[in-house]
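Just below is one structure, and these are the notes that go with it.
Bear in mind these aren't lab numbers, they're just calculated from the coordinates by the rules spelled out. Predicted, not measured: the structure shown is a model, and the values here were computed from it. Note that we place each Cβ from the backbone using ideal geometry, even for glycine, and neighbour counts take in every protein chain shown.
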Amino acid sequence: MQISDGGWEIVRKALDGGSFSVVMPFYRLASAAEKNLKAVADLFEEHRVEVELVPVDDGSCDGTDGEFSRIAENWNYSFVRLTPVVCRRNSGKGAALRAGFEASKGDFIMLLDGDLDIHPRQTPAFFKTMVENDADIVIGSKRHRESDVQYPWHRRIVSWCYFTLVKIFVGLPVTDTQTGMKLFKRKVLGEALSRMLVKTYAFDLELLAIAHSRGAKIAEAPVVIRFGEKFGALSAKTVKSMAWDSLAVFYRLRVLRYYARAEETVMPKDEPMVSVVIACPKRSWMLDECLRFLEKQTYGNWEAIVLPDEDISLEVPSSKVRVISTGKVRPAEKRNLGIREAKGEIIAFIDDDAYPGMHWIEYAVRYFWNDSIGAVGGPGITPSGDSFLAKLGGRVYENILVSGNYRYRYKAGGVRRDVDDFPSCNLFVRKSLLDSFGGYHTDFWPGEDTLLCKDIVDAGKRIVYDPWVVVSHHRRPLFMPHLRQLGRYAFHRGYFVKRYPSNSLHLSYFIPTAFVLYLISLVPASAITVLPGSAAECQLVFYFLPLISYVLLVAVTTFSINPVKWVLAMAGVLLTHVTYGVRFAQGLLASKAPCEFIGSDHAPKNSQLHNSQLQTPNCGIIQEL
């Protein structure tokens with residue numbers, strides 16, 4: 001069945017007075033990038049259809065970004081404008097398409113896979129279907145009665161099973177969700193993308209589920225597909241990830257009703273200035289990295305204020321970056337100086353050992369049109385380039401037995417939510433709000449961000465967590481640097497439970513201490529187990545069953561094919577629980593929290609910290625550990 005020839009007049013007519021963008025995600029397709037982009041451009045040029053072509057490199061490591069640059073330099077089309085987008089980190093198809101959408105300008109947006117398994121010569125059929133059905137979305141369907149599809153039996157089986165599950169659990173009025181060609185009206189796509197959570201394999205399902213739940217009309221168009229014998233990305237790992245992501249979509253759609261109540265984010269017309277405040281002891285490679293990623297932001301109206309102990313020179317001087325030396329004071333005092341010096345309406349706090357995603361500022365700013373929102377935060381994920389032991393430290397933080405309901409702080413994903421406490425390594429706050437209560441408390445370190453969040457909530461403002469507002473945060477390696485940092489957090493949390501309970505008095509914080517008390521109780525319990533025979537065995541089982549269950553849970557939640565990684569992660573979880581439990585109890589029992597020290601693990605190795613002491617207004621003596 002020929003569905004791809006002719007009909008281009010209906011495309012030009014549908015676009016009369018409107019614009020058209022084609023967003024194409026690429027991943028490890030450097031060798032095919034030029035050929036595929038020119039094939040698309042030649043088609044639209046031949047039929048004199050004005051279009052913006054937006055290829056998106058999803059963090060490929062094969063030189064795709066370089067190919068984009070080379071192709072752009074030699075671009076020579078009258079009707080086709082090229083707007084390449086490069087994502088520095090591989091985050092999945094959903095993140096790539098969202099980045100492409102944000103860069104595009106079209107009133108109509110076509111999503112088209114970069115491998116061109118489906119050729120865009122079928123574009124007229126999509127516009128015809130949109131016009132005839134007055135649809136907001138047109139998706140390609142392999143099951144359309146006019147489709148001409150040749151692809152392997154194993155893909156047919158997987159596709160049929162997936163379609164059946166989608167029909168049962170999600171209830172979309174379509175016969176296919178995964179075909180890689182879709183046409184949207186911009187407003188509908190924007191409203192759906194602003195509520196998206198999935199970045200990888202179930203992206204298409206979630207996108208359509210959100211749009212349908214909000215009343216968008218979806219129609220299907222026939223497609224011609226020639227897969228040959230390639231299996232595509234359908235590895236066992238892919239199928240597993242798609243299944244989990246799809247179940248998450250069902251849970252959010254049918255159980256949580258999340259998409260119905262998720263608020264839309266809107267970019268303010270007059271983009272407010274954002275002042276990025278970075279407290280640090282000195283210049284380091286991590287600070288240089290942070291500033292390099294700031295320069296790549298898609299949001300243009302920002303400045304950065306770097307606050308080292310002593311004056312420093314930057315790797316690449318920038319008119320957007322100011323350096324203000326502070327002397328050897330704690331981070332809260334540095335940040336308060338940054339707040340006073342800031343020109344922006346919004347203050348973004350990020351640590352010098354973290355670096356932002358390219359849309360970091362843009363995604364956060366979209367919330368501040370809502371006056372009820374005082375602050376926005378997002379996850380601090382472990383960088384892929386961290387050392388083996390540092391990545392294990394991140395793996396411990398991400399473990400559900402360690403962070404529980406707070407895993408969203410360390411792991412990308414999850415749903416948007418209101419929170420009452422969030423770390424300053426990734427936090428945006430209204431400057432007017434900070435000015436109203438004087439910024440950070442300076443008599444605690446760490447813990448100052450917990451008190452800042454308490455002040456925000458006490459002022460009647462919301463703190464919103466968004467999983468797309470991402471930074472990568474370098475971890476302390478296992479074991480001692482990780483445990484030392486964790487111990488300070490635990491002590492202050494225990495102390496804050498009784499002094500500032502509003503956002504610290506949560507049951508989950510007490511569980512590690514209860515676990516430590518249980519471990520201590522095993523010693524006398526074992527000693528008094530003197531009953532003869534089976535009674536003694538039963539008594540031992542009674543006392544040790546919780547510990548056995550705990551070890552099994554740790555083993556399951558830290559499982560890795562690499563036995564060294566598995567054993568170290570298990571040990572990391574156990575020591576994290578013990579350290580947190582002991583230090584939390586110490587803070588809980590303390591009559592007064594001591595002045596915290598700026599420790600040697602606050603700065604990179606070979607820092608210039610020394611044993612001189614400095615008197616400060618709010619803290620007394622600051623010295624090196």
Within a Cβ distance under 11 Å of residue 52, other residues only, what is the Lys/Arg minus Asp/Glu net charge?
-> 0
Net charge of neighbours whose Cβ lies under 13 Å from the Cβ of residue 368, counting Lys and Arg as +1 and Asp and Glu as -1 = -1
Quick one: Karplus J couplings for the range 399-404, per residue in order, coefficients 6.51, -1.76, 1.60, θ = phi - 60°, nearest Hz, x for Gly and Pro?
-> 5, 5, 6, 8, 9, x
The range 119-140 to the range 278-331: how many Å between their Cα centroids?
-> 49
Which angle between 0 and 90 degrees, to the nearest 10, do you get for helix 563-589 versus the longest principal axis of the chain when only C-alpha atoms count?
-> 50
Local net charge near residue 310, Cβ-Cβ under 10 Å (Lys/Arg +1, Asp/Glu -1) | +1
Ranking 461, 343 by Cβ neighbours within 10 Å, fewest first, what do you get?
-> 343, 461
Relative packing of peptides 278-284, 376-382, 517-523, 252-258 - highest average C-beta neighbours within 10 Å first | 376-382, 278-284, 252-258, 517-523
Would you mind checking the tilt of helix 511-527 against the longest principal axis of the Cα atoms of the chain, expressed as 0 to 90 degrees and rounded to 10?
-> 50
Label-point gap, in nm, between residue 420 and residue 387 - each point 7 angstrom along Cα→Cβ = 3.9
Pairing the Cα long axis of helix 480-499 with the longest principal axis of the chain, what angle in degrees results, from 0 to 90 and rounded to the nearest 10?
-> 80
Considering only DSSP beta bridges where both residues belong to the range 8-261, give the percentage that are antiparallel (nearest 5).
-> 25
Calculate, in nm to one decimal, what residue 589 and residue 544 gain on full extension: separation in residues at 0.36 nm each, minus their alpha carbon distance.
-> 13.4 nm
Can you find, among 379, 287, 399, the residue farthest towards the positive end of the dipole of the chain? Put +1 on the C-beta of Lys and Arg, -1 on that of Asp and Glu.
-> 399
Please name which of 71, 250, 25 has its Cα lying farthest along the dipole of the range 8-261 towards the positive end, using unit charges on Cβ (Lys, Arg +1; Asp, Glu -1) and the Cα centre as origin.
-> 250
Which far-off residues, 5 or more places away or on another chain, put their amide H under 5 Å from the one on residue 462, with H placed in the peptide plane?
-> 373, 374, 375
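May I ask you to compute the full-extension gain from residue 191 to residue 150, defined as 0.36 nm times their residue separation minus their alpha-carbon distance, rounded to one decimal in nm?
Roughly 11.3 nm would be gained on extension.
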Gain on full stretching of the segment that runs from residue 247 to residue 502 - 0.36 nm per residue minus C-alpha separation | 88.4 nm
